Structure formats: C-alpha cells, structure tokens
Amino acid sequence: MRSTEWWKHAVVYQIYPRSFKDSNGDGIGDIGGILSRLDYLNDGTDSSLGIDAIWLNPVYPSPQYDFGYDIMDHRNIDPQYGSLEDFDRLLAEAHRRGIRIIMDFVPSVTSHLHPWFIESRSSAASPKRDWYLWRRTSGRTEYPNNWYGFFGGRAWEWDNKTGEFYYHNSLPEQPDLNWRNPEVARAMLDNMRFWYDRGVDGFRIDVLNYVYKDREFRSNPPCLGRRPYEMQRHIYEKDLTESYEVAGMMRAVADEYGEKMLVGEIYNPDIEYAAGFLGENKDGVNMVFNFSFAEAPFNPRRFRKEIENSERVIAKRGWPSYFLSNHDITRHISRFGGGARSMERARVAAAMLLTLRGTPFLYMGEEIGMAQTPLSRRDILDPPGQRYWPFYKGRDGARTPMQWSAAPYAGFSTARPWLPVHPDYPKVNVEKASGDSSSLLRFYRRLIWFRKEQSALLDGSIRFLDAGGKTLAFLRESERQLLLVCMDFSGGGTRFSPRGLEGASGRLVFSSHDISNPEISCDSIKLPPYGVMIAEI
C-alpha cells in the first residue's frame, strides 16, 4: 500500500467538537478536551479504540447560527474551541500517536459576518459583489425564482441597502458563494492550502454537490411533497454536473502536498451520481459517503443490495467508504429498533461496517451504544428542528454530549452542557463499558485491532454468498488470505450452508461469542442470535 493511500486502511472516527469533551468548564467541548482523550482513541495498544484518523466537524470562528457551518474566518480557530496554537498541539499529539487529522471544509457557503460578504453587501459596485449570488427584481415582493431553502422558507433574502436579493440554500445567515467567479475558487482553494501547510491530513467536504447553481437561475419544476422545499424537483440549484469540476480542483491542490485525503459528502442517495465526484485518476475526491447504505434498514438483503451496487459503481473510479451514523442523522442504534436487544444489533452493525471492502467511518459514541437523545421542544437549538417541530425534531438528538462516565453530565463537563445528555448515561458510558469484557466498546476495540492484521480485510476483494434471508455472509480474499464473514440479523440464530463453499473447512479467528471449538465445516455453519463469526478458510 502506497503511503499516499493510507486512508484505504484507516478506521476514521468523527468528532463533533462541541460535544466530545469540555476541558474548561463552560459546557462546550473544545480542543483541549479532544487532547485529553487521544489515548482513548489510540495509544498504540489494544486497550484503546485503535482508530487511525479523526474527522473534526468545523472548529473555525463562527457566530454559530448553524453551529460551525456558518464560517466567518477560514484560517483560524473559534475561541470557544481554543486557539491556533491549541490546534497545532492537537496535530502534533495526534500524529505522535499515528492519528491523522481530517478537517471539515464548507465550500458552498460562508457566514453573513464573513469579511467577504460584508464587503459584497456594502455596495452593488463592490469588487466582491460577484463573490456571492445577487439578483435584482422589480422589488422585495418579487423573488428572482421559486427556489426554497433546505432549512425552510424562500432561498432569497432581500437586502435593503442595495435593493437586491442574495441567495442562501440554508439560513439567511449563510449566503452561498459564487464558484463561477474564478477569484472565489482561488480564495477557497488557498484556504485549503493554509491548513495543509499546518499539517492536516485531508478534508471532509460538505455538500459538494451544492456548489454550482444554474447560470440562468431558472425556477425548479414542481412535484408532490409535504413541505414547500419537497414540492420542487431540485435540478437548478444542486446536483449540477459542473460541480464535478470543483472536486478536480480540490484534488489537484491535495496532490500538491501528497499523502492527503478528500472525502466528499454528496447529499444525494443516487450512488451513480455521487461516484462522478471520485477520481482514482486524480480528477476527483478519493471517497464519497454512501447515504443509500447509511439509511438502509436493519436487513441483510437491503445491505447486500446497497453494498453490491456500491461495488459495481465505485470500484471503477475510486474507493468505497461506509458509515451508519453521523451528526446529521438519527443514531443507528435507535434507527435499528432500540429496546432490550439494541446492543446486540449494534454489535452486528459494527461487524458489518468494519469488515466490508472500504474505509469505515465511526461517529463518536457509537462504540459504546449511544442512542438518539429524546429532547423537549425547549431544548432544540437546531434551526430546522425549531422551524418544523414536531414534524421534524432536528439534528440535536444525535449531537448530545459524549458519555464518558456516570459522573454528573456524563463526565463531559463540570457545567451544564450546551445540549442535555442522554438519560441513560449512568449505564451507557465509556468508563463502565471499559470494565465489562462483554461490552460493545470492548467488541469494537477487539475488531478494530483484529482488522489491522488481516490482509483480506484491508486489501481483499468481496464476494457475497447466498445464506438465506436472516444472514449476511461474504468472502474477503487477498493473495495471502481467504476469510468468511457471517452475521445473524434475526436475533433467533441460524444454521446455513453457504453455496459455493461445499466441502470447505476453516478455523474461527474472530467471534462475538466464546469459541469452544475453533474448527468449522462450511457444510453446516451455526450462528447464535445476533452472532458474528469470521473464519479463515
């Protein structure tokens, strides 16, 4: 494996900095808190989680209307998280432990308080006027077109001073940039260079498919939907194929530095469209997130369908990546049913995620089984959650503080946190799970460290086996190793004979349950309820 492709072997851990660990007692997570928990993530021994890279949600200066995705300075750290010196220390300490740092990059919008927009808004003749999307109509009651914002309401905001509208796909406090202006492209790419020069190892690129808008600002055609935004086919303000060009620009900058990684958030379930942003031949990003996989129900047939589709589409252009939870969607342990057996289902999900061909992304807390936090209306801070409650409760439930211990506020802070902690924290926390040999955390640790040593899991091909409707079974094969991976999704256990392995035998090398007899025959494989096994054939 070339060093420039380190990300193909990595397990990436997503940290939502506001909620990971508070080091100064203000109720908000910070860089100091992350520094204090680096050994938990990887101290070089199998008593740590063993992750290889951290993806940080935005830590840039921001007025926090969208909690960091409204950036007002691309080249600094928000004081509530720390300083540039703190960030440099985080980089150094992470690299000393073999942990790479991936930053969040937001290409399509800035804060309305960014110096660029303040200048753009100052006059219709401003030299930066064309850095954003301004349109003149006959007056404030006539919108430039019918576009609605993703967070609700019209996507056009009237500016009294200059008598024009500006476009914002999200909040009015997040005006969209005009990437058709080459000065904007150069400035944004130089912002990436700033962080590469400091030593960051790559970027997660926010909604890369939203960068370009229609040149003529044509209105979207109507369709059926529950709210105004969903009652349009969004063909003119996102998903334009021109956005592929931006992926190529970003890749060219990354390649100036070597050993850098780009993963794109293409917020579109069509994996064929998303794959267009990939660039194995240096004309696109290294990976794209697979939303169709992440949003699949807890069903082996559905997961197999999404994985095989990904293999068919992505294998030609780049490298697969998979995730099950992040800061924008309901935590998967809750989506998959919750209840008394939720931890067992979470164990199956972990085994699947960490044994597929591709790079797994974990979201902080999923390794201990953190669930979606139930929040009251008064606790909701997320703008779309506030607007659409109770029909949509926003994203805050997936962003609540990391549960470190049974101490007050789950050991996250000594002060009341910015969001409430989940009420189950006395039972679901890192400290308790670390001392329990049967915990989900110990299972994650064991599997991640096991994964590092298996050539078939790191570099091998994948081929699914027919094992009935209750089981997911596949082969991972490298030049040196053939592994059979099986997991029961039914909760009732299963016995099956995978077609294509008749007469073969093997030895169990990993199991979710005690291994009394490591030798197996592929003519009859038995899995206990929610059981996981990996056998070397």
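Regarding the range 62-74, can at least one residue be identified that is in contact with a Phe, Trp or Tyr (Cβ under 9 Å, 6 or more places away or on another chain), in contact (Cβ under 8 Å) with a residue 40 or more places away in the chain, farther than 25 Å from GLY264 by Cβ and among the hydroxyl-bearing types (Ser, Thr, Tyr)?
No, the range 62-74 has no match at all.
What tally of residues in the range 75-97 results from selecting those that are of a type in the set (Lys, Arg) and either touching a residue at least 60 places away in the same chain (Cβ under 8 Å) or under 26 Å from PRO417 (Cα atoms) (or both)?
So in the range 75-97, the residues of a type in the set (Lys, Arg) come out as 75, 89, 96-97.
From the residues that got through so far, the ones that are either touching a residue at least 60 places away in the same chain (Cβ under 8 Å) or under 26 Å from PRO417 (Cα atoms) (or both) too are 75, 89.
Result for the range 75-97: 2.
Look through ASP104, ASP190 and report the one residue that is charged (D, E, K, R) and in a strand (DSSP E or B).
Values: ASP190 fails: in a strand (DSSP E or B).
Checking each option against the conditions leaves just ASP104.
Just one of PHE117, PHE105 is more than 23 Å from the chain's Cα centre (by Cα) and surrounded by 21 or more Cβ atoms within 10 Å (Cβ to Cβ); which is it? Outline the logic, then answer.
Values: PHE105 fails: more than 23 Å from the chain's Cα centre (by Cα).
Matching residue, one of PHE117, PHE105: PHE117.
Within the range 497-536, which residues are buried (at least 16 other Cβ atoms within 10 Å of the Cβ), part of a loop (DSSP other than H, G, I, E, B) and among the hydrophobic types (A, V, I, L, M, F, W, C)?
Matches in the range 497-536: LEU501, CYS522.
Tell me whether the range 12-31 contains one or more residues that are of a type in the set (Asp, Glu), under 22 Å from the mean Cα position of the chain (by Cα), assigned by TED's automatic domain parsing to the domain that holds LEU91 and farther than 16 Å from SER83 by Cα.
no
Let's see how each residue does on (1) surrounded by fewer than 20 Cβ atoms within 10 Å (Cβ to Cβ); (2) touching a strand residue (DSSP E or B) at 6+ places or on another chain (Cβ under 6 Å); (3) of a type outside the set (Lys, Arg):
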position	(1), (2), (3)
SER243	no, no, yes
GLY248	yes, no, yes
ALA254	no, yes, yes
MET261	no, yes, yes
ASP270	yes, no, yes
PHE277	no, yes, yes
GLY284	no, yes, yes
PRO297	yes, no, yes
SER310	no, no, yes
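Does ILE34 qualify as being touching a strand residue (DSSP E or B) at 6+ places or on another chain (Cβ under 9 Å) and either assigned by TED's automatic domain parsing to the domain that holds ARG96 or in a loop (DSSP other than H, G, I, E, B) (or both)? Write out each step before concluding.
On the way: touching a strand residue (DSSP E or B) at 6+ places or on another chain (Cβ under 9 Å): yes; either assigned by TED's automatic domain parsing to the domain that holds ARG96 or in a loop (DSSP other than H, G, I, E, B) (or both): yes.
Against the criterion (touching a strand residue (DSSP E or B) at 6+ places or on another chain (Cβ under 9 Å) and either assigned by TED's automatic domain parsing to the domain that holds ARG96 or in a loop (DSSP other than H, G, I, E, B) (or both)), ILE34 qualifies.
Could you tell me which numbered condition GLY82 fails, if it satisfies all but one of (1) within 30 Å of GLU479 (Cβ to Cβ); (2) touching a Gly at 6+ places or on another chain (Cβ under 7 Å); (3) not polar (S, T, N, Q)?
The single condition GLY82 does not satisfy is (1).
Checking PHE412 against (1) touching a residue at least 60 places away in the same chain (Cβ under 8 Å); (2) surrounded by fewer than 18 Cβ atoms within 10 Å (Cβ to Cβ); (3) in contact with a Pro (Cβ under 6 Å, 6 or more places away or on another chain), only one condition comes out false. Which one?
In the conditions (1) touching a residue at least 60 places away in the same chain (Cβ under 8 Å); (2) surrounded by fewer than 18 Cβ atoms within 10 Å (Cβ to Cβ); (3) in contact with a Pro (Cβ under 6 Å, 6 or more places away or on another chain), PHE412 misses (2) alone.
Only one of (1) surrounded by fewer than 22 Cβ atoms within 10 Å (Cβ to Cβ); (2) under 26 Å from PHE323 (Cα atoms); (3) modelled with pLDDT of 95 or more is not met by GLY32, so which one is it?
Looking at each condition in turn, GLY32 falls short on (2).
Determine whether the range 450-472 contains at least one residue that is more than 23 Å from ILE525 (Cβ to Cβ) and crowded, with 16+ Cβ neighbours inside 10 Å.
Yes; the residues of the range 450-472 include at least one that is more than 23 Å from ILE525 (Cβ to Cβ) and crowded, with 16+ Cβ neighbours inside 10 Å.
From (1) more than 20 Å from the chain's Cα centre (by Cα); (2) outside any helix (DSSP H, G or I); (3) modelled with pLDDT of 95 or more, pick out the condition that doesn't hold for ARG226.
Exception for ARG226: condition (3).
Going through the range 12-29 one residue at a time, which ones are out of contact with any Gly (no Cβ under 9 Å at 6 or more places or on another chain) and either within 16 Å of TYR40 (Cβ to Cβ) or not aliphatic (A, V, I, L, M) (or both)? Don't jump to the end; show me each part of the working.
Residues of the range 12-29 that are out of contact with any Gly (no Cβ under 9 Å at 6 or more places or on another chain), as a first pass: 12-14, 25-29.
Within the range 12-29, VAL12, TYR13, GLN14, GLY25, ASP26, GLY27, GLY29 meet the criteria.
Can you name every residue in the range 107-141 that is in a strand (DSSP E or B) and of a type in the set (A, V, I, L, M, F, W, C)?
Pass one, the range 107-141, residues in a strand (DSSP E or B): 109, 132, 134-135.
Correct list: VAL109, TRP134.
Tally time: how many residues in the range 195-220 are of a type in the set (Phe, Trp, Tyr), touching a helix residue (DSSP H, G or I) at 6+ places or on another chain (Cβ under 6 Å) and surrounded by fewer than 20 Cβ atoms within 10 Å (Cβ to Cβ)?
Looking only at that region, the number is 1.
The values are calculated or read from the model by the stated rules, or taken from the named source; none is laboratory data. Nothing here was measured: the structure is a model prediction, and the numbers come from that model. Note that we place each Cβ from the backbone using ideal geometry, even for glycine, and neighbour counts take in every protein chain shown.
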